[in-house]
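Mind looking over this structure? Questions follow.
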Amino acid sequence: MSFSRFEQYWPFYLSQHSKPATRMWHAVGMTSALLFILTAIWTMNGWYLLLAPGTAYPLAWFSHFVIEGNKPSAYGHPLWLLRAELRMYRFMLSGKMDEELRRVSEEIELL
């Protein structure tokens, strides 16, 4: 798929994370990655930075292959992927993920 703006990519990203369990595994991965990054800063030990993607990616990929039944969308737009991942994480932590899913679904229906 070809996207020219992040706001076009965002609904596609959400469609690839349609199941709550998929999003939960992504949140677990993001939380562990952030904890490793904070640990690296706290201990001044850069080796912890290697563990951040080393835990986040396997958990996310597991959720895609086993739960969602699709392939991770990490290839075409890596910076948009990170931005979308952080946005989804923020919506999940704030309890507004369902609201965002409804908003995006309604927006797509209007097109």
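The numbers here are math on the coordinates, done by the rules we state, and not lab data. Just so it is clear, the structure is predicted and the values come from calculations on it, not from any experiment. Please note: Cβ atoms are built from the backbone with ideal geometry, for glycine as well, and neighbour counts cover all protein chains shown.
Considering the dipole of the chain built from charges on the beta carbon (Lys and Arg +1, Asp and Glu -1) around the Cα centre, which of Phe6, Ile108, Leu35 is farthest to its positive end?
So the residue we want is Leu35.
Also: State, as an integer percentage, the relative contact order of the chain based on alpha-carbon contacts under 8 Å between residues 6 or more apart.
Normalised by residue count, the contact order of the chain is 30 percent.
Where nothing but the Cβ of Lys and Arg (+1) and of Asp and Glu (-1) is charged, how large is the charge dipole of the chain around its Cα centre, in debye to the nearest 20?
So the dipole magnitude of the chain works out to roughly 200 debye.
Give me the orientation-averaged projected area of the Cα convex hull of the stretch 38-80, in nm², one decimal.
In nm², the orientation-averaged hull projection of the stretch 38-80 is 3.8.
Kindly give the semi-axes, whole Å and largest first, of the ellipsoid equivalent to the chain, taking each as the square root of 5 times a Cα gyration tensor eigenvalue.
Working: eigenvalues 139, 41, 39 Å².
So the equivalent ellipsoid measures 26, 14, 14 Å along its semi-axes.
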